[in-house]
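The values are calculated or read from the model by the stated rules, or taken from the named source; none is laboratory data. Only a predicted model underlies this, so the values are computations on that prediction, with no experimental measurement involved. So basically every Cβ, Gly included, is an ideal-geometry build from the backbone, and we count neighbours across all protein chains shown.
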Amino acid sequence: MGQTDTFRRRIRWSPLLLMTVAGCGGPTWHFAYDEGLRQARREERDLLVFYKDPLDVRSGRMRDVLEDGGVLPLVNGRVRCQLVPSYAPDRAFVSQYGIDDAPALILIHPDGTFHALAGEHDAAAVRAFLESSQAPGAHPNRNPRLPQGASLEYFNSFDRAVEKAQNQNRRLVIVYKWWLQGESTELIRRFSRPDVARYFADSVNCILDWDYALNRAFVARYGVSHFPAMVIVDPNGQYRTLTGVPSVDQIIRFARADERSDADGGSPPVVWFADHSAARLVAERTGRRLVLFFASDGSDSSDTMGRILDSPRGRAVLAHSVNCRLDSQKAEDRAYAGRYGVSAAPACIAVAPDGSVAVRTVFSSIGDLETFLRPTAGGEAP
């Protein structure tokens, strides 16, 4: 098997498919049944399907069983695929093999027959199942309407991703997450949308989980200490980060920052935090001004202000600030904006290192922005 896994680039794709990417040096797994089947058929090997619920402790214990020293060699000998009940096509796929609930193991043989083991089992039972399940087995109740998806390459190994990016002179994209955190799930969902994923099709993509200790050290190289977060590392070694759960538009702008920089004569891209706590912490530690852009998706006035902030001159003005976008649709962001007396979007809030605050609700030109972001004075700390 190659060194990469695949995931589906389509809007129906479920974020939980990536919630438990292995990070412990064990076998790599597909997260799309069509990809797993294609490889198994090509190599004339068994496909081992692990049907799991990432939020269920029984599935977690079964995952540990598959990594048991007596079981792992039997797992390694198969093409591997993980599916989840939160994704309807996955439920339909496993139902062909008589499986309705997670956890379960399905061993699909090259002749199309299968053996299945439903429920939670210890290492001895799983080992016996894998050793004894030989073709021919039972015939599945096939569903010809199962959707088949395209694939986008990604790694779950930082070292392998870096090696490929360097060898091919491609940029490296890191998504840092934790499989049990809702915000991480939402970031993966947005990142995997077809209208977003296409901006990463030419990148070397790497998805790292917080619960693997080495991954924390890897992302720390780029100043990242909290999940979820994204990092883009250009071939020249420069990098930029995006933390929290950015909007779809923010992720696209983040992906295209290098393109805009080239087109605009080298204006430096602005890093926008999506997590106000992380942004404020960085501002306090570095003694820089904190700029908060409180916006509403789909609002013409927010879009106008956003274009000014994202223009070449706007980026130059913001280059020395710590910048954070607040989403008016999120209660936590609304509450944080409210600390500065802001209740409606759009608004721009500038917090100076001394704690003084200035607020502006309308920008009609880049001149307004430049005037507003002169050294903040005269406000009050919240």
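Here is a yes/no grid of residues against (1) surrounded by 21 or more Cβ atoms within 10 Å (Cβ to Cβ); (2) modelled with pLDDT under 85:
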residue: LEU107; (1), (2): yes, no
residue: HIS139; (1), (2): no, no
residue: PRO147; (1), (2): no, yes
residue: GLU163; (1), (2): no, no
residue: GLY182; (1), (2): no, no
Item to check | Cβ pairs under 9 Å, 6+ apart, first in the stretch 312-336 and in contact (Cβ under 8 Å) with a residue 60 or more places away in the chain, second acidic (Asp, Glu) | outcome: ARG325/ASP333; ASP327/ASP297; ASP327/ASP333
